[in-house]
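Structure first, then comments.
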Amino acid sequence: MAGLEDLYREIILDHYRSPRNRGELPVPPAVMAEGHNPLCGDEITVYLDVDGGPDDGVVRDVKVAGQGCSISQSSASMMSQAVIGKTVPEVRALVRRFKGLMSIEDADGAGDGDAAAVPGATGDDPHPLGDLEALQGVVKFPVRIKCATLAWNTLVQALDQEAPASGG
Amino acid sequence: MTSGTTTPAPTPTVDWAAVRADFPFLERRIDGEPLVYLDSAATSQKPRQVIEAMASSAACGYGPINRSAYRLAGEATDRYEGARAAVARFVNAPAAHEMIFTKNATESINVVAGAWGRANLGAGDVVVLTHMEHHANIVPWQMLAADRGIEIRWVPLTDDGQLDLTDLDALLDGAKLFSFTAMSNVLGTLPPVAQLCRAAHDAGALTLVDACQFVPHNATDVQAWDADFVVFSAHKMCGPSGIGLLWGREALLDEMPPFLGGGNMIGNVTLDGFTTAPLPDKFEAGTPPITEAVGLGAAVEFLETIGMDAVRRHEMDLTRYALDTLGQRYGSDLVVHGPSNVEVRGGVLSFAFRDLHPHDVSQVLDERNVCVRAGHHCAKPLMRLLGANATARASFYVYNTTDDVDALAEALDGATDIFGL
């Protein structure tokens, strides 16, 4: 039986109470994407500032705005911490890893399986997702998976906007 | 009674424990504990009578309706039409053939928008809605606005979640249709339906009443309302999902073009075209929900046995008890949206609890088997007016008791423990 302590881990509540990287970034140079959870009405805005192109660019800054439940807000907070300083390919790989953690396979079939090929996320690190692993308990509450992935899907929308603006 | 805003007359005492005994879901255990189901505004639980009527009809009384000579088919047709007569009687419709079976109330509104609307509304024609409508009574009209250029006007709300009728006559001036809810699925508000119909007719507009939340909980009289179209759903009134209702005045339904084309709705078909069948078949293309109609008929009989005035009184008592109990226990930490006077509200309580997101509230309540809805309740424009993305919502029905309200109040304490408030 899945208990609430599996869902509301202390680290999740910490990010919920004190969300990191809240706010906005000027657009441009940053790009912005809005995500909605049609089931609950949660709305989230991700601002993404990438230094460089889609292949070698580095995430200079991420800010998150909007409203949501403890799971969506803490997931957004942890996401922002996890991606700053990473290259775009590393971020995309991290998204796949996170969705794997949520038991979601991407349309291209890339789930948890190929994540070991990601630079900086090799098998010798027993906790490649760091704090994000605290969200693993969400899988036991399937209704909440959409809450946990909202910020990540919105991040991907922002990355996809960034992609054509090569060198931006 | 002409609307839901008055207290029903005293009725004989109902044995509510016996009513509860008719609901098998109350025997369900999760984590060894019974369920406290407070989400009947979304969909209601089903009594044995409905489940058994559907099972027996599907098992040994099933056949096509309206199209075969053998006795089994005749029995199925009789039961199907019997359900229509029962539900027509239930809301005091003048004639059973004015009661159209649809898929749900959403489809019913789409029939009116798609058939009546397309035949009668053009660029600049006005449809008046209210700020407390469900998406089902917004989007079909927005689709017509995009397609035909109709204008939509909105009746605003007062601070306590009732319709602000100050400028109603101006809003209705020149309108073709006033389409509004008889009970808000978020606020529980019971607008004065008969008064609104009268105002619309005085302005030369027709009326559509979204009675989805009203019919399951109140004695309904579509003739006393003097409405033109009334829609509701079986699944919120102890019946099955998959069948909804559209009642319309015979003359209007006769003038309207059909909505869906196909079998059963035709008078004749040639290579050059078709003629339509008389009501109600004209609006029932294809094989309808036969078993579901039987369930709906049984649900109507079940509710009639309790008596709708008794249902309303029971829910007023529960709502009053809930407002008192939650108010005493949590004070300003718990804010219930909508009117505080139970005379003008049904048994639907949307609330904000401290600073917690409704998803987290409902998750904590689920730990104690207390089932409430969390979300925007398919009423996003209203949510924005309330300044919320979402609310938690508890709603009552015939199987609920004051113990359920107490369980809700106690389970909310779990949120305090987890979130350290």
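The values are calculated or read from the model by the stated rules, or taken from the named source; none is laboratory data. This one's a predicted model, so the numbers in the text were calculated from it and none came from an experiment. A quick note on method: Cβ atoms are made from the backbone with ideal geometry, for glycine too, and the neighbour counts reach across all protein chains shown. Side chains included, ligands, DNA and RNA excluded: accessible areas come from the protein's heavy atoms. Shrake-Rupley method; radii C 1.70, N 1.55, O 1.52, S 1.80 Å.
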Quiz item: Can you find even one residue in the range B:299-312 that is under 18 Å from the mean Cα position of the chain (by Cα) and among the basic types (Lys, Arg)?
Solution: yes
Quiz item: Can you name the condition, by its number, that residue B:380 falls short on among (1) open to solvent by 10 Å² or more (accessible area, probe 1.4 Å); (2) farther than 24 Å from residue B:106 by Cα; (3) not aromatic (Phe, Trp, Tyr)?
Solution: (2)
Practice problem: Can you tell me which residue within the range B:341-365, out of those that are among the acidic types (Asp, Glu) and surrounded by fewer than 20 Cβ atoms within 10 Å (Cβ to Cβ), is farthest from residue B:309 (Cα to Cα)? | Solution: B:355
Self-check item: Flag if residue B:146 is crowded, with 23+ Cβ neighbours inside 10 Å, outside any loop (DSSP other than H, G, I, E, B) and free of Cβ contacts under 8 Å to residues at least 40 places away in the same chain
Solution: no
Quiz item: Under 8 Å by Cβ, and 6 or more places apart or on different chains, what pairs join a residue from the range B:282-294 that is without any contact (Cβ under 8 Å) to a residue 40 or more places away in the chain with one that is of a type in the set (S, T, N, Q)?
Solution: B:282/B:276; B:285/B:264; B:286/B:264
Practice problem: Could you grab the pairs with beta carbons closer than 6 Å, sequence gap of 6+ or different chains, first residue in the range B:388-399 and more than 14 Å from chain A (Cβ to nearest Cβ), second one basic (Lys, Arg)? | Solution: B:399/B:20
Exercise. Sort out which residues of the range B:169-193 are in a helix (DSSP H, G or I) and either among the aromatic types (Phe, Trp, Tyr) or open to solvent by less than 10 Å² (accessible area, probe 1.4 Å) (or both), and write them in order of number.
Key: B:172, B:193
Quiz prompt | Conditions (1) of a type in the set (Ser, Thr, Tyr); (2) part of a loop (DSSP other than H, G, I, E, B); (3) open to solvent by less than 10 Å² (accessible area, probe 1.4 Å); number of the one not met by residue B:80 | solution = (2)
Practice problem: Could you tell me which of the residues B:356, B:326 is more than 14 Å from every other protein chain (Cβ to nearest Cβ) and either in contact with an Asp or Glu (Cβ under 6 Å, 6 or more places away or on another chain) or not in a strand (DSSP E or B) (or both)? | Solution: B:326
Exercise. Mind counting the residues in the range B:367-377 that are within 9 Å of another protein chain (Cβ to nearest Cβ) and surrounded by fewer than 22 Cβ atoms within 10 Å (Cβ to Cβ)?
Key: 1
Quiz item: Given the structure, is residue B:325 open to solvent by 20 Å² or more (accessible area, probe 1.4 Å), closer than 30 Å to residue B:49 by Cβ and β-branched (Val, Ile, Thr)?
Solution: no
Practice problem: Could you tell me which of the residues B:211, B:251, B:234 is open to solvent by 10 Å² or more (accessible area, probe 1.4 Å), assigned by TED's automatic domain parsing to the domain that holds residue B:128 and hydrophobic (A, V, I, L, M, F, W, C)? | Solution: B:251
Quiz item: Looking at (1) out of contact with any strand residue (DSSP E or B) (no Cβ under 8 Å at 6 or more places or on another chain); (2) over 20 Å from residue B:8 (Cβ atoms); (3) open to solvent by less than 20 Å² (accessible area, probe 1.4 Å), can you tell me which one residue B:315 breaks?
Solution: (2)
